[in-house]
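S.K.: One structure is given below, represented as structure tokens, and several questions about it will come after.
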Amino acid sequence: EGYGAIQINDGAYNSVVTVNGGKINITGSANDSFGGVVIASGASIIFNGTEGTTTIEGQPFVINYDNGYTYSFSTFAEAIETAKDGETIVMTQDVTIDNVLKVADKNVTFNLNGHNISSTTDVFEVAGGALTIIGDGVVHAATSNGTPYCAVWAYNDAVVNIYGGTYKIGYPTGDYNDLIYAKGNASINIYGGTFHNSGRENAFVLNVNDQNRSTAAINVYGGSYEKFNPADNGSEGPDTNFVAPGKAVQQNVDWYIVKYSTAILRV
């Protein structure tokens, strides 16, 4: 029922405003010179300004717009609800999550931006639409009492494109963990990134649900894989090849690296 405002007047340099809830709307023209720091805990921030030095702290997910707007969110769920098709959600700090980062009906890009995600459960769940993951950073799924949590899993008609990042999983007390997992009619396309051994059975670094092998797919165009050969995937049976045509696997001790085939490069 009530409304309030915070105004920082000219000359109030290096000001600090801390807000513990609600929404902050910062506006200004291109000639404004913002200054100071806005610290938000549980508050959404809308920043409209094309110049200045204002920084936003305390919000791990942002959407940047060409017109100078920045939307900042405390949770991925808030960010994905606001994001429109074709937009990019950018991480601004390391996070530890208790709830999966779920995409259901959007076509969005997620930029790790050099930051790390630690989870007590699955990390990315893509139930529909499309998710493209770019940038450097670590995606680390947890393991609890042998429960096979995933760094990325997709189902229904979802599409996932992975261009970067390092993907890890807690070593299980059970027999295996699926690091990257597809089921239903989902497609996961891997163009780059580093994928670590998924546990006691290395076969499950990349895995397609047994009942959906004719409909779901994991296509490997690049990346580095610890103790796992994507051209000879034991989780799907001996000699099962996830590597795309024109690509080849080069082994370096415990690592299998997918590159262009030498036959394709020869002229």
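No value in this document is a laboratory result; all are computed from the given coordinates. Here the structure is a predicted model, which means the values were calculated and not measured. As a convention, Cβ positions derive from the backbone with ideal geometry for all residues, glycine included, and neighbour counts pool all protein chains shown.
S.K.: Quick one: Cα centre-to-centre distance for region 233-252 and region 57-126, in angstrom?
M.R.: 32 Å
S.K.: Further question on the same structure: What order, most packed first, do the peptides 132-138, 149-155, 118-124 have when packing is the mean number of other Cβ atoms within 10 Å of each residue?
M.R.: 149-155, 118-124, 132-138
S.K.: Moving on. Counting only residues 5 or more places away or on other chains, whose amide H sits under 5 Å from the amide H of THR132 once H atoms are built in the peptide plane?
M.R.: So THR132 has HN proximity to VAL108, THR109, PHE110, ASN161.
S.K.: Enumerate the calculated ³J(HN,Hα) couplings along region 96-112 in order (Karplus 6.51 cos²θ - 1.76 cosθ + 1.60, θ = phi - 60°), each rounded to whole Hz, writing x wherever the residue is Gly or Pro.
M.R.: Rounded to whole hertz, the list is 10, 10, 10, 10, 4, 8, 10, 10, 10, 9, 10, 10, 10, 10, 10, 9, 4.
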